[in-house]
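J.: Quick one: this structure, given as structure tokens, is what I'll be asking you about.
The values are calculated or read from the model by the stated rules, or taken from the named source; none is laboratory data. It should be emphasised that the depicted structure is a prediction, and the values quoted were computed from it without experimental measurement. All Cβ positions, glycine included, derive from the backbone under ideal geometry; neighbour counts span all protein chains shown. Side chains included, ligands, DNA and RNA excluded: accessible areas come from the protein's heavy atoms. Shrake-Rupley method; radii C 1.70, N 1.55, O 1.52, S 1.80 Å.
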Amino acid sequence: MIPQAREVRLKPKIRKVLEARSRAGKKPIYGQATNKRILALLEEPPPQGYARWTGPLLAKVLGDVDVQYVWRFLREHHIDLAARKSWCESNDPEFAAKAANVVGLYVDPSAKAIVLCVDEKPSIQALERAQGYLKLPNGRALTGQSHDYKRHGTTTLFAALEVATGRIITAHSKRRRRVEFLGFMNSLVAAFPNRELHVILDNLNTHKKNERWLKRHPNVHFHFIPTRSSWLNQIETWFSILQGQSLDGASFTGHRAVAGAHRCLHRSLQRDSRAIRLDQEEGLPAAVQKSAYHSTLIPGTRSHSCHADHLHRSSDR
């Protein structure tokens, strides 16, 4: 049989001694007053010569607070001084109306209309640098690239996202002027003949004051997002994917190699889409076929290889 636990009865004097010892302890050095001082200091700008507050800098300015307590207090309140984030608030007085117009095109577009998100990614640098693996003395192997590089110029990427299908249409240009923008728009009109186009744009100067061109193309309608709200333009999401998967850490021998990398990304993202070349599609007007920019492929190209030499050959055609 399991013996039952017996209640232990202590004498009153011994009980008082044990209770007193359990309550005994060193009084805390810092309290709520110190916490309020730290929070108040964070509301003020850092001293001259410093860009931001740090734990040691807070302890130094406070004078009588240990840096370890400062770090512990910041962790308890989930305050991260190292993570710097930026934000942008729209000051457009017509924000609600413009945003509702753009969202309405996304959710419920006009019947048989094509909704396109259009924007540019300027000054994409074609940098050539050595890449590979570096073996360290301790046996570890790191992948990376050399510090030295060779410049091969820059290129501007014009891109359009067809909202209904997710298809991407791109074109490269050496410059970012109104003439290049309207040339890209001519290509889009030729790619969707006899279709009503609703084009979502930001407030760049080259996108505005194009009334003469719009009069010649009555089936094209421009919709401008509110100021400082590029997140409403869905092509920005694709630019982010492009930057992370094709541009960061890559090595290019020229701006044509940059365009080739974009074509390979198109194929990997959307292999089932039909591929056409804006400057080589049969039946397009001569003005489109002889455009001043190097057009890339819509996702789903069928024949071209991603090898750099082959990309150069295909770009020279």
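J.: Send over a whole-number figure in Å² for the accessible area per residue of the stretch 53-119, probe 1.4 Å.
T.: Accessible area per residue: 66 Å².
J.: Give a residue-ordered list of calculated ³J(HN,Hα) values for the stretch 217-223 (Karplus: 6.51 cos²θ - 1.76 cosθ + 1.60, θ = phi - 60°; whole Hz; x for Gly, Pro).
T.: Each residue of the stretch 217-223 in turn: 10, x, 7, 10, 10, 8, 10 Hz.
J.: Magnitude of the Cβ-charge dipole of the stretch 110-167, K/R +1 and D/E -1, about the Cα centre, nearest 20 debye?
T.: Approximately 240 debye in magnitude.
J.: Given a 1.4 angstrom probe, what's the average accessible area per residue across the stretch 202-264, in square angstrom?
T.: Per residue, the stretch 202-264 has an accessible area of 51 Å².
J.: Considering only protein heavy atoms and a probe of 1.4 Å, how much of the accessible area of the stretch 124-167 is carbon and sulfur, as a whole percent?
T.: So the carbon and sulfur contribution to the accessible surface is 52 percent.
J.: My understanding is that a pair violates if its Cα-Cα distance is over 24 Å; which of Lys98/Lys215; Lys121/Lys150; Lys112/Lys209; Lys98/Lys208; Lys150/Lys174; Lys85/Lys135 do that in this structure?
T.: From Lys98/Lys215; Lys121/Lys150; Lys112/Lys209; Lys98/Lys208; Lys150/Lys174; Lys85/Lys135, over 24 Å: Lys112/Lys209; Lys85/Lys135.
J.: Please list His172, His217 from largest to smallest accessible area, probe radius 1.4 Å, with all protein chains kept in place.
T.: Ranking His172, His217 by accessible area, largest first, yields His217, His172.
J.: I'd like the accessible area for Thr206: 1.4 Å probe, protein heavy atoms, all chains in place, Å² to the nearest 10.
T.: About 20 Å², rounded to the nearest 10.
J.: Something else: Take every DSSP beta bridge whose two residues both sit in the stretch 136-264, then give the antiparallel share in percent to the nearest 5.
T.: Here the antiparallel bridges make up roughly 55 percent for the stretch 136-264.
J.: Let me ask something else. Using the Cα centre as the reference, give the magnitude of the dipole from point charges on the C-beta atoms of the stretch 56-110 (Lys, Arg: +1; Asp, Glu: -1; all else neutral), rounded to the nearest 20 debye.
T.: Dipole size: approximately 260 debye.
J.: When ranked by the protection proxy of mean other Cβ atoms within 10 Å per residue, highest first, what sequence do the peptides 99-112, 119-132, 140-153 form?
T.: 119-132, 99-112, 140-153
J.: So, one more: On a C-alpha basis, how far is the centre of the stretch 69-118 from the centre of the stretch 153-203 in Å? Whole number, if you could?
T.: 24
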